[in-house]
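The values are calculated or read from the model by the stated rules, or taken from the named source; none is laboratory data. Model, not experiment: these values are computed from the prediction. Please note: Cβ atoms are built from the backbone with ideal geometry, for glycine as well, and neighbour counts cover all protein chains shown. Side chains are part of the model used for accessible areas, which takes the heavy atoms of the whole protein and leaves out ligands, DNA and RNA. Shrake-Rupley method; radii C 1.70, N 1.55, O 1.52, S 1.80 Å.
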Amino acid sequence: MRSHEVRIGPQRLPGSLDVPLQPRALILFAHGSGSSRHSPRNRQVAQVLHGCDLATLRFDLLTEDEADEGSNAFDITLLAGRLLQALEWQRGQPSLSALPCGLFGASTGAAAALAAAAEEATAVYAVVSRGGRPDLAGAALPRVVAPTLLVVGGNDPEVLRLNRAALSALRCECELAVVPGATHLFEEPGTLEAAARLAADWFMAHLPV
């Protein structure tokens, strides 16, 4: 595994890039409100993906000043734009440009991932949302063509309801996976591992690897 600190887009947003020796694809992470690229939950998911030879890029979607303004974490257009910058950055990296790309989003980052996937229909091959708010992607949902998996905790009833509503708006291949006993942050023993395995299986099934 090769690990690098990188800078993304005009704002030079910091990112953590981890690349297996023979990567099959690149997964871009979009964290949610109040989180960052250092999120232990996303790091744990990334480790599971690494076991499938999937490279990961976890980066901060907001600058420090932007993150201090709480409303920015819910600005889906802004967050999706940062993911689009990351996709553009990937295309400029000789060692990464040929890799198929998937998006993994949590909380509001899931809406950003879906909005970005709707804009980059030929560049994004699969999307996974963990405990996400895909409903916030709004009018972008019917335009998503990438196969999409929505992973929600069984003990997170409001988010489960919102994910079911988003599922009905999607027109792509899509599924809702409920992890029994999990609450919103998947803090219960074994639940985050279960979500990570569902994500890995989805990416392996739908990325051209």
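Things to note:
- Restricted to the stretch 162-185, and to residues there that are touching a Gly at 6+ places or on another chain (Cβ under 8 Å) and modelled with pLDDT of 95 or more, the residue that is farthest from L150 (Cα to Cα) is G181.
- Scanning the stretch 139-171 for residues that are over 17 Å from the mean Cα position of the chain (by Cα) and within 13 Å of L114 (Cα to Cα) turns up A139, P142, R143, A169, R171.
- Subset of the stretch 79-97 (residues that are touching a helix residue (DSSP H, G or I) at 6+ places or on another chain (Cβ under 8 Å) and open to solvent by 40 Å² or more (accessible area, probe 1.4 Å)): L84, S97
- The stretch 177-197 - residue that is under 18 Å from the mean Cα position of the chain (by Cα) and open to solvent by less than 50 Å² (accessible area, probe 1.4 Å) and, of those, nearest to H50 (Cα to Cα): A196
- Criterion violated by L99 - all others in (1) farther than 21 Å from F74 by Cβ; (2) out of contact with any Lys or Arg (no Cβ under 8 Å at 6 or more places or on another chain) satisfied: (2)
- Here is the figure for the stretch 42-73: residues that are farther than 21 Å from Y125 by Cβ and out of contact with any His (no Cβ under 9 Å at 6 or more places or on another chain) total 15.
- For the stretch 51-75, the candidate set comprises residues that are in contact with a Ser or Thr (Cβ under 7 Å, 6 or more places away or on another chain) and in a helix (DSSP H, G or I); within that set, the residue that is surrounded by the fewest Cβ atoms within 10 Å (Cβ to Cβ) is F74.
- For N163, the test of being open to solvent by 10 Å² or more (accessible area, probe 1.4 Å), closer than 24 Å to Q44 by Cβ and of a type in the set (S, T, N, Q) is failed.
- Residue, farthest from V45 (Cα to Cα), within the stretch 98-136, restricted to residues that are open to solvent by 10 Å² or more (accessible area, probe 1.4 Å) and polar (S, T, N, Q): T122
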